[in-house]
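The values are calculated or read from the model by the stated rules, or taken from the named source; none is laboratory data. Fair warning: this is a prediction, and the values are worked out from it, not measured in the lab. Neighbour counts run over all protein chains shown; Cβ positions are idealised from the backbone, glycine included.
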Amino acid sequence: MFHLVTEINEITYSMNARLMKERQSLFNEDLSSKQMIIMDLVKKESQLSISQLADAMNVTSSAVSQIVSKLEKEKYLLRTINPDNRREIIVQLDERGHQYYSKEEDINREIVNRFYSRMKMEDMIQLRDILAKLNLIVEEELLR
């Protein structure tokens with residue numbers, strides 16, 4: 001079982017790394033994977049504090065602040081002070097960040113058309129169901 005899980009993890013990691021690289025090239029933006037992760041987290045929640053981002057990425061607030069600072073200079077993200085807690089910095093998408101995600105659906109469709117569409121629909125449904133089941137097991141186990 002251990003070797004099978006290791007093989008599954010290696011295949012998944014390799015595929016995700018390749019797809020992320022392809023996705024980056026299609027976006028035609030010069031963003032690192034950490035920058036993309038931060039932007040994805042901010043987009044998903046609409047706004048997050050520096051400490052929430054640090055917790056989500058399992059890194060220090062200082063590390064997140066450095067990445068956010070660069071993204072702010074390039075107008076991808078906007079930092080503001082939380083009016084309810086002046087010591088807290090809130091991060092949101094800025095103009096260029098919104099433009100970046102307006103391209104996302106087209107790029108995701110291209111990825112689906114080039115790669116995933118070569119699989120049978122039944123296989124894709126089965127893959128989704130298996131991954132969802134494993135994800136639920138992991139979530140439940142980690143909440144213990």
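Pairs, please: C-beta under 8 Å, at least 6 apart or cross-chain, first residue loosely packed, with under 10 Cβ neighbours inside 10 Å and in the stretch 123-144, second at pLDDT 95 or above and in a helix (DSSP H, G or I)? Here the result reads none, with nothing in the stretch 123-144 linked to a residue that is at pLDDT 95 or above and in a helix (DSSP H, G or I). Number of residues in the stretch 85-104 that are outside any helix (DSSP H, G or I) and either within 23 Å of Arg23 (Cα to Cα) or among the hydroxyl-bearing types (Ser, Thr, Tyr) (or both) equals 4. Against the condition at negative phi and either at pLDDT 95 or above or aliphatic (A, V, I, L, M) (or both), how does Asn82 come out, does it pass? Criteria not met by Asn82. How many of the residues making up the stretch 1-49 are aliphatic (A, V, I, L, M) and within 23 Å of Lys75 (Cα to Cα)? Residues meeting the conditions: 10. Total residues in the stretch 19-72 satisfying the condition of being among the hydroxyl-bearing types (Ser, Thr, Tyr) and under 15 Å from the mean Cα position of the chain (by Cα): the figure is 3. As for the stretch 12-23, it holds at least one residue that is within 30 Å of Arg114 (Cβ to Cβ) and acidic (Asp, Glu).
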